[in-house]
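The values are calculated or read from the model by the stated rules, or taken from the named source; none is laboratory data. Note that this is a predicted model, so its numbers are computed, not measured. Neighbour counts are summed over all protein chains in view; Cβ atoms, including those assigned to glycine, are modelled from backbone coordinates with ideal geometry. Only protein heavy atoms, including side chains, enter the accessible area calculation; ligands, DNA and RNA are left aside. Shrake-Rupley method; radii C 1.70, N 1.55, O 1.52, S 1.80 Å.
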Amino acid sequence: MGIGDLEVRTVPDPRIVQPHDAILRVRLTTTCGSDLHVVAGYVPTMREGDVLGHEYMGEVVEVGPETTRVRPGDRVVVPSFLACGRCWYCDDGLASLCDNTNPKPELQEPLLGYPTGAIPGYSHAFGGLAGSHAEYIRVPHADANCFGIPESVTDEQALFLSDAIPTGYMGADFCSIHPGDTVAVWGCRGVGLMALRSALLMGAGRVVGIDRFPERLALAGALGAETIDYSRTDSVLERLRELTGGRGPDACVEAVGMEAHGTGPQYLYDRLKQALRLHTDRGSALREAALACRKGGTLAILGVYGVIDKFPLGVILSKGLIVRSALQYAQRYMEPMMEHVREGALDPTPLITHRLSLEDSPRGYEMFKRKEGGCVRVVFEP
Ligand SMILES: [Zn+2]
Ligand SMILES: [Zn+2]
């Protein structure tokens, strides 16, 4: 499967299936780097006719009899991972690990041991639920997943509370930031940029964004980060060493994932193995982050990975790094995130570089993949 296989079709409108459902009219939905992994076939188990999209906000148009906290007419945002709100994991604030929302756990169990929760529009292994690049979407367990949007928060801002902000915010939280800490972030797309901004809000003294695209580095700079263009720097490690008085960043956040671009022989080795399907990931950013981190520091892994070799376990062990990782816990952080957005401290709107109708979405994916016209995020309006 590739971007050329994407097409816009008329599909049946979703209906209430479970008493805890809600139906949303999608007002805005966006592309995400991990959608490209799905489209490229690195996340298997997509099927002909599946509806993509897991980042969205909209208006509730119908609710099932057990849905009590949201009403038709409510303007809401829904985290990409669906929680049931009542299992052992949801109780602990670990929404993406929910035991109940993924209706096809058998597809994940052989690989993971225990399945994750569901994400709509993100393959059958993640539940096979229809995604948000559509006029309407069904949201199971609506009470646990639909979050009301205050009037002063725009549709555009709320949209990013479904995935990019919570993933970045969680990454910053994983860094257990002490006042004045230095946090370096690999990858300045949506998630990386939100991690940089969140780290500052949590008290970091300085944050450093690492990427090679000028438009992304400019966005990082505008959010208050120092930047390193790795394509124009001999050694990112050296540069970070200089910035931190020789000690290295206190925390390193990897927000690139399995399609990392890099330089040098390691990158070529990764590319070749990935092309031969010997492993699914290229991990150059992850290894660099582990090397750059100060001894005893934190390595937060937010990029999406499948199977990777040369995982820098020796580096992690020898330097006593704390490794934290997860597929976002938006429900846990929604209250403080919404407050930061409402008061203007966390504003994701500069991420939107392109806006298209849903009819033009295949072209939007192409632009997003090729970074055409400085594309960071494309927003679709159904
Ligand atoms: Zn996403
Ligand atoms: Zn649950």
TODO: Take the stretch 325-366 and flag every residue that is more than 21 Å from Gly303 (Cα to Cα), touching a strand residue (DSSP E or B) at 6+ places or on another chain (Cβ under 9 Å) and not charged (D, E, K, R).
DONE: Met338, Thr353, His354, Leu356, Ser357, Leu358, Ser361, Gly364
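Please state which one of Arg138, Arg71, Arg75 is without any contact (Cβ under 8 Å) to a residue 12 or more places away in the chain, over 24 Å from Ala255 (Cα atoms) and in contact with a strand residue (DSSP E or B) (Cβ under 8 Å, 6 or more places away or on another chain). Steps first, please.
Values: Arg138 fails: without any contact (Cβ under 8 Å) to a residue 12 or more places away in the chain; Arg75 fails: without any contact (Cβ under 8 Å) to a residue 12 or more places away in the chain.
Result: Arg71 is the single residue among Arg138, Arg71, Arg75 that is without any contact (Cβ under 8 Å) to a residue 12 or more places away in the chain, over 24 Å from Ala255 (Cα atoms) and in contact with a strand residue (DSSP E or B) (Cβ under 8 Å, 6 or more places away or on another chain).
Quick one: how many residues across the stretch 51-63 are crowded, with 19+ Cβ neighbours inside 10 Å and either touching a Cys at 6+ places or on another chain (Cβ under 8 Å) or assigned to a loop (DSSP other than H, G, I, E, B) (or both)? I'd like the intermediate steps shown before the answer.
Step one: list which residues in the stretch 51-63 are crowded, with 19+ Cβ neighbours inside 10 Å, which gives 52-58, 60, 63.
Then drop every residue that is not either touching a Cys at 6+ places or on another chain (Cβ under 8 Å) or assigned to a loop (DSSP other than H, G, I, E, B) (or both), which leaves 52-55, 60.
So the count comes out to 5.
In the stretch 338-375, which residues are in a strand (DSSP E or B) and either touching a residue at least 40 places away in the same chain (Cβ under 8 Å) or open to solvent by 70 Å² or more (accessible area, probe 1.4 Å) (or both)? Walk me through how you get there before you give the answer.
Going through the stretch 338-375, the residues in a strand (DSSP E or B) turn out to be 352-357.
Within the stretch 338-375, Ile352, Thr353, Arg355 meet the criteria.
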- [ ] Within the stretch 75-83, identify whether any single residue is surrounded by fewer than 15 Cβ atoms within 10 Å (Cβ to Cβ), more than 28 Å from Ser357 (Cβ to Cβ) and modelled with pLDDT of 95 or more, and answer yes or no.
- [x] no
Task: Cross-chain or 6+ apart pairs with Cβ under 7 Å, the stretch 2-23 first and open to solvent by 70 Å² or more (accessible area, probe 1.4 Å), then outside any loop (DSSP other than H, G, I, E, B) and of a type in the set (Lys, Arg) - done: Val17/Arg138
Open item on the list: Just to be sure before I move on: is Cys98 under 18 Å from Val17 (Cβ atoms) and under 22 Å from the mean Cα position of the chain (by Cα) in the structure I sent?
Closed with: yes
- [ ] Would you point out the residue of the stretch 201-255, among those that are hydrophobic (A, V, I, L, M, F, W, C) and more than 21 Å from Leu346 (Cα to Cα), that is modelled with the lowest pLDDT?
- [x] Phe213
- [ ] Considering only residues that are assigned to a loop (DSSP other than H, G, I, E, B) and within 16 Å of ligand 2 (Cβ to nearest atom), look in the stretch 70-88 and name the one that is nearest to the chain's Cα centre (by Cα).
- [x] Ser80
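Suppose we filter Leu196, Leu223, Leu200, Leu217 for residues that are open to solvent by less than 10 Å² (accessible area, probe 1.4 Å) and of a type in the set (A, V, I, L, M, F, W, C); which single one remains?
Numbers: Leu223 fails: open to solvent by less than 10 Å² (accessible area, probe 1.4 Å); Leu200 fails: open to solvent by less than 10 Å² (accessible area, probe 1.4 Å); Leu217 fails: open to solvent by less than 10 Å² (accessible area, probe 1.4 Å).
After applying the criteria, what remains is Leu196.
Would you pick out the residues in the stretch 1-23 that are more than 14 Å from Ser132 (Cα to Cα) and touching a strand residue (DSSP E or B) at 6+ places or on another chain (Cβ under 8 Å)?
Just the residues of the stretch 1-23 that are more than 14 Å from Ser132 (Cα to Cα), to begin with: 1-7, 15-21.
Result: Arg15, Ile16, Val17, Asp21.
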Task: From Gly33, Gly41, residue being at pLDDT below 95, away from ligand 2 (no atom under 16 Å from the Cβ) and open to solvent by 30 Å² or more (accessible area, probe 1.4 Å) - done: Gly41
- [ ] Could you check how many residues of the stretch 176-196 are more than 16 Å from ligand 1 (Cβ to nearest atom) and of a type in the set (Gly, Ala, Ser)?
- [x] 3
Open item on the list: Restricting to the stretch 105-120, count the residues that are open to solvent by less than 50 Å² (accessible area, probe 1.4 Å) and either within 16 Å of ligand 2 (Cβ to nearest atom) or at pLDDT 95 or above (or both).
Closed with: 8
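Of the residues Ala40, Ala22, which single one is within 16 Å of ligand 1 (Cβ to nearest atom) and among the aliphatic types (A, V, I, L, M)?
Exactly one residue qualifies, and that residue is Ala40.
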TODO: Considering each of Arg47, Arg69, Arg86 in turn, give the residue that is more than 20 Å from Gly127 (Cα to Cα), more than 16 Å from ligand 1 (Cβ to nearest atom) and open to solvent by 60 Å² or more (accessible area, probe 1.4 Å).
DONE: Arg69
- [ ] Identify, from the list Val8, Val43, Val26, Val39, the residue that is of a type in the set (A, V, I, L, M, F, W, C) and either in a strand (DSSP E or B) or under 23 Å from Thr68 (Cα atoms) (or both).
- [x] Val26
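Which of the residues that make up the stretch 162-193 are of a type in the set (Val, Ile, Thr) and open to solvent by 20 Å² or more (accessible area, probe 1.4 Å)? Give the derivation first.
Initially, the stretch 162-193 is screened for residues of a type in the set (Val, Ile, Thr), giving 165, 167, 177, 182-183, 185, 191.
Within the stretch 162-193, Ile177, Val191 meet the criteria.
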- [ ] For the stretch 89-110, name all the residues that are among the charged types (D, E, K, R) and either assigned to a loop (DSSP other than H, G, I, E, B) or within 16 Å of ligand 1 (Cβ to nearest atom) (or both).
- [x] Asp92, Asp99, Lys104
